[in-house]
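Participant: Sharing a structure below in structure tokens format, with a few things to ask.
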Amino acid sequence: MKKLLTLLAISALAASCNSTKGVVSTNWLGKTVTVKTAIPENGIITATREFEKGLNLNGFNELYPQPHFDPKAVLVQYEFNRNKSEDLYADDFYKEEIFMEIPAEAFKKEYKNADLEQVKLVYGKHCYCKGEAGYYKITDGTLKVDHSDKQTKVKLSFKSPVSSLIENIEFTVE
């Protein structure tokens, strides 16, 4: 009986330790991504970081982030894509994404509210949801970044100007 209780205790401890490490996957660039926050149901999370890319926020009437060459910047992107239905419905898509431009040199910093402008933090929502789809600058929240050549750790908590599934995220990307 003692052996059984010991085995159960060790199993519970191992399971709890494993859950704090996060969900590990590989992005389209072949880099490892570890997501530590809860993933919304029925979807896929991915993250990327691309060196020598910045974020141009110019648009005609609307905010529209476009990557461009910048040797002093790193573009970090976090994306949630909801799985499509097996039935082929028109407008059956839902995507939320976060863009940020950070300096290429190694650093560790926390940004709050107005300071978020320094990293060009942008939230995008793509769906058939009138009045909510589009890109928005994020100016209300807290962002912690720990960046090096090997990996970038991000912890973000923000208030989106529209309804959102990903207002609290934590991830690491190679």
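The values are calculated or read from the model by the stated rules, or taken from the named source; none is laboratory data. All figures in this text were calculated on a predicted structure; none of them were measured in a lab. Ideal geometry is used to build each Cβ from the backbone, glycine not excepted, and the neighbour counts take in all protein chains shown. Just the protein is used for accessible areas: all its heavy atoms, side chains included, with ligands, DNA and RNA removed. Shrake-Rupley method; radii C 1.70, N 1.55, O 1.52, S 1.80 Å.
Participant: Classify region 80-126 as rounded, prolate or oblate, taking a ≥ b ≥ c as the square roots of the eigenvalues of its Cα gyration tensor: rounded when a/c is under 1.5, otherwise prolate if a/b is larger than b/c and oblate if not.
Facilitator: Numbers: a/c = 4.49, a/b = 3.01, b/c = 1.49.
Prolate, because a/c is 1.5 or more and a/b exceeds b/c.
Participant: Tally up the carbon and sulfur contribution to the accessible surface of region 20-174 as a whole percent, 1.4 Å probe, everything protein left in place. All intermediate terms of the calculation are to be shown ahead of the outcome.
Facilitator: Values: 4350 of 8990 Å².
That fraction is 48 percent.
Participant: Next question. Can you work out the FRET efficiency for the pair H68 and I39, with r the C-beta to C-beta distance and R0 = 22 Å, to the nearest 0.05? If you can, show how the numbers build up before the last one.
Facilitator: On the way: r = 30 Å, r/R0 = 1.38.
That gives a FRET efficiency of 0.15.
Participant: List the pairs from K53/K155; K31/K155; K21/K130; K31/K130; K72/K108; K108/K130 whose alpha-carbon separation is above 27 Å, in the order I gave them.
Facilitator: Numbers: K53/K155 21 Å; K31/K155 19 Å; K21/K130 37 Å; K31/K130 35 Å; K72/K108 16 Å; K108/K130 38 Å.
Correct reply: K21/K130; K31/K130; K108/K130.
Participant: Along the charge dipole of the chain, which of P40, C127, P161 sits closest to the positive end, that is, farthest toward it, with unit charges on the beta carbon of Lys, Arg, Asp and Glu (+1, +1, -1, -1)?
Facilitator: So the residue we want is P40.
Participant: Using the alpha-carbon centroid of each, what span in Å lies between region 90-120 and region 129-174?
Facilitator: 5
Participant: Can you list the HN-Hα couplings for region 126-142, worked out from phi with the Karplus curve (6.51, -1.76, 1.60; θ = phi - 60°), rounded to whole Hz and with x for Gly and Pro?
Facilitator: 10, 5, 8, 9, 4, x, 10, 5, x, 10, 9, 6, 9, 10, 10, x, 10
Participant: About the Cα centre, and with charges only on the beta carbon of Lys, Arg (+1) and Asp, Glu (-1), how big is the dipole of the chain? Nearest 20 debye, please.
Facilitator: 820
Participant: Could I ask something else about it? Strictly greater than 17 Å: what percent of every Cα pair in region 35-174 meets that? Present the calculation step by step, with values, prior to reporting the outcome.
Facilitator: Working: 5855 of 9730 pairs.
Tail fraction, whole percent: 60.
Participant: Tell me what the chain gives for mean residue ellipticity at 222 nm when only DSSP H runs of n ≥ 4 count, each as -39,500 (n - 2.57), the sum divided by the residue total, rounded to 500 deg cm²/dmol. Walk me through the numbers before you get to the answer.
Facilitator: Details: 1 runs with 20 residues, N = 174.
Rounded to the nearest 500, the figure is -4000 deg cm²/dmol.
Participant: Where in region 140-165 does the label zone of K108 land, with the point 7 angstrom along Cα→C-beta and an amide N cut-off under 18 Å?
Facilitator: Counting backbone N atoms under 18 Å from the label point, the list is 143-156.
Participant: Right, another one. Taking the chain as the reference, fit the longest principal axis to its C-alpha atoms, fit the long axis of helix 2-21 to the helix C-alpha atoms, and give the angle between the two in degrees, 0 to 90, nearest 10.
Facilitator: 10
Participant: What accessible area per residue, rounded to a whole number of Å², is obtained for the chain using a probe radius of 1.4 Å?
Facilitator: Accessible surface, normalised per residue, equals 62 Å².
Participant: Contour minus end-to-end for K95 and K137, with contour as 0.36 nm per residue of separation and end-to-end as the Cα-Cα distance? Can you show the working numbers first?
Facilitator: Numbers: separation 42, 0.36 × 42 = 15.12 nm, distance 1.67 nm.
Here the segment from K95 to K137 would lengthen by 13.5 nm.
Participant: Principal axis extents for region 51-120, Cα atoms only, whole Å, descending order, please.
Facilitator: 47, 30, 25
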